[in-house]
């Protein structure tokens, strides 16, 4: 069996359009859509009461006006936080989104998502996957969803919940380990998501030869990244999708 028929975009907006709006919020996803970006990358994890939320950090200090770890906070407490003012006064009052609200928005805008299963230190990957994945799989069609993680346990549990023809899985790497191929084969991966400055050409060649799509994170300088397109990279995950798109459009005009 093959993977879902995903038409990969050239660009995926990292944590939503996080250069234009507070990351991992509904506002950031709307900003990505308004900029013409069809896919976003988002992080999901659980609050202490088991509520799935879209959030990257283990705590709320960096991206809100509050303090505390997600593991000790409940839904009522996080809804009292302002998750927008830290970025700009224009986003004052923006809230931490629930997974449910984010999935509804993605469907409203007909957008694709690379959803990272974010397993922060001390958190349970199995509990996260088992709470999140049934909701995600019920809400989104397979062609608009890639689920990725650095956590091998989380990826294995995702694969147990859905076969590869129903769910595309991506394996996240910082530095590519020697056993990258075994890790990918263990979960019937669709894609590999390397940290682009640390990816070597020989590694990219081997990954593509093995049939994997390469989605590189987090590329914010389109000029510095430009040579990587010749490696066969499928798409760049970027905080700056509009700047990246303008650069690519200009490159096409120059080469005509």
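The values are calculated or read from the model by the stated rules, or taken from the named source; none is laboratory data. Quick caveat, the model's predicted, so the values are computed rather than measured. Neighbour counts are summed over all protein chains in view; Cβ atoms, including those assigned to glycine, are modelled from backbone coordinates with ideal geometry.
Can you confirm whether the range 158-165 contains a residue that is in contact (Cβ under 8 Å) with a residue 40 or more places away in the chain and more than 19 Å from the chain's Cα centre (by Cα)? The answer is yes; a qualifying residue exists. Annotation note: of 152, 189, the sole residue that is more than 17 Å from residue 46 (Cβ to Cβ), surrounded by fewer than 16 Cβ atoms within 10 Å (Cβ to Cβ) and free of Cβ contacts under 8 Å to residues at least 60 places away in the same chain is 152. Selection within the range 209-222: residues that are touching a helix residue (DSSP H, G or I) at 6+ places or on another chain (Cβ under 7 Å) and free of Cβ contacts under 8 Å to residues at least 40 places away in the same chain. The member of this set that is farthest from residue 173 (Cα to Cα) is 222.
For the structure I just gave you, tell me whether residue 143 is out of contact with any helix residue (DSSP H, G or I) (no Cβ under 6 Å at 6 or more places or on another chain), under 25 Å from residue 37 (Cβ atoms), surrounded by fewer than 20 Cβ atoms within 10 Å (Cβ to Cβ) and touching a residue at least 24 places away in the same chain (Cβ under 8 Å). It would help to see each step written out before you state the result.
Values: out of contact with any helix residue (DSSP H, G or I) (no Cβ under 6 Å at 6 or more places or on another chain): yes; under 25 Å from residue 37 (Cβ atoms): yes; surrounded by fewer than 20 Cβ atoms within 10 Å (Cβ to Cβ): yes; touching a residue at least 24 places away in the same chain (Cβ under 8 Å): yes.
When the stated conditions are applied, residue 143 passes them.
Return yes when residue 68 is surrounded by fewer than 21 Cβ atoms within 10 Å (Cβ to Cβ), out of contact with any strand residue (DSSP E or B) (no Cβ under 9 Å at 6 or more places or on another chain) and on the phi > 0 side of the Ramachandran plot and no when it is not. Judged against the criteria, residue 68 is not a match.
Counting only residues that are surrounded by fewer than 19 Cβ atoms within 10 Å (Cβ to Cβ) and farther than 23 Å from residue 220 by Cβ, the range 20-50 holds 3 of them.
Annotation note: of 83, 61, 35, the sole residue that is touching a strand residue (DSSP E or B) at 6+ places or on another chain (Cβ under 8 Å) and at negative phi is 35.
Within the range 29-43, can one find any residue that is under 21 Å from residue 58 (Cα atoms) and either in a loop (DSSP other than H, G, I, E, B) or at pLDDT below 95 (or both)? So far as the range 29-43 goes, no, none of its residues is under 21 Å from residue 58 (Cα atoms) and either in a loop (DSSP other than H, G, I, E, B) or at pLDDT below 95 (or both).
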